[in-house]
1. May I ask for the percentage of alpha-carbon pairs in the stretch 102-174 that lie more than 15 Å from each other?
2. Which order results if His16, His55 are arranged by neighbouring Cβ count within 10 Å, fewest first?
3. Which value in Å is the Kirkwood Rh of the chain over different Cα pairs?
4. Just to verify a number: FRET efficiency for Val57 and Lys94, C-beta to C-beta distance, R0 = 30 Å, to 0.05?
5. Which whole-angstrom value gives the distance between the alpha carbon centres of the stretch 1-69 and the stretch 99-176?
6. Could you derive backbone 3J(HN,Hα) for the stretch 134-139 from the dihedral phi with the Karplus parameters 6.51, -1.76 and 1.60 (θ = phi - 60°), listing whole Hz in sequence and x where the residue is Gly or Pro?
7. Within 10 Å of each residue's Cβ, count the other Cβ atoms and sort Glu175, Glu69 from fewest upward.
8. Tell me, what HN-Hα J-couplings in whole Hz come from the Karplus equation 6.51 cos²θ - 1.76 cosθ + 1.60 at θ = phi - 60° for each residue of the stretch 108-119, using x for Gly and Pro?
Amino acid sequence: MNKEDCFQLGYISKVHGLRGEVTGVLDVDFPENYQDLEHVFIEQKSRLVPMFLEHFVLQPGNKVLAKFEDFNSIDEATPLVGSAMYLPLSELPKLEEDQYYFHELIGYEVLDENLGRIGDIKVIYDLQTQDLLGVEHKGKEVLIPIQDGIIQKVDKAAKKVYCSLPDGLLDIYLED
């Protein structure tokens, strides 16, 4: 499985007990959509390795208690701590027409209501404090906040993001 064909479900935060269980943190809006998983892909040495689950029990606060097959002790489970957990993109829940996943926006054209074409989205920065579009504009990366009021509309059919940029935002990136 290639990383480009997957989304990060979360990561393994610590071992739990002595029998090979781990605690994971899920980075999804609706953890209940994933409570019946039979396997996940774990990133190890920059590769995604399929891991089959004995159990995957949701806990409060976007946490999960997981037990992988053939991991039966704390020593076997400890190397998994810090590893990212992935699932294929096909496992994502279907969205309404006016909703989108961030990864879908890569390659979309960004248009400002006053300035016209800004550029194409190259990367999405999914940060704790702010989600940002990384857009190539005049050979430089411009970061556009993903916020109501700035992002006006996403047209998935046309692969365009319509926005209303704050005055001076582009100037910050174009100054030398």
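1. Beyond 15 Å sits 48 percent of the P(r) for the stretch 102-174.
2. His55, His16
3. When all Cα pairs of the chain are included, the Kirkwood radius is 18.3 Å.
4. That pair, Val57 with Lys94, gives E of 0.75.
5. If you average the Cα positions of each part, the centres end up 31 Å apart.
6. Calculated HN-Hα couplings, in order: x, 10, 7, 9, 6, x Hz.
7. Glu175, Glu69
8. Computed from phi, the couplings for the stretch 108-119 are 5, 8, 9, 10, 9, 5, 9, 9, x, 5, 9, x Hz.
Only the coordinates and a few stated rules stand behind these numbers; no lab work does. This is a predicted model, so every value here is computed, not measured. Virtual Cβ from ideal backbone geometry, glycine too; neighbours counted across all protein chains shown.
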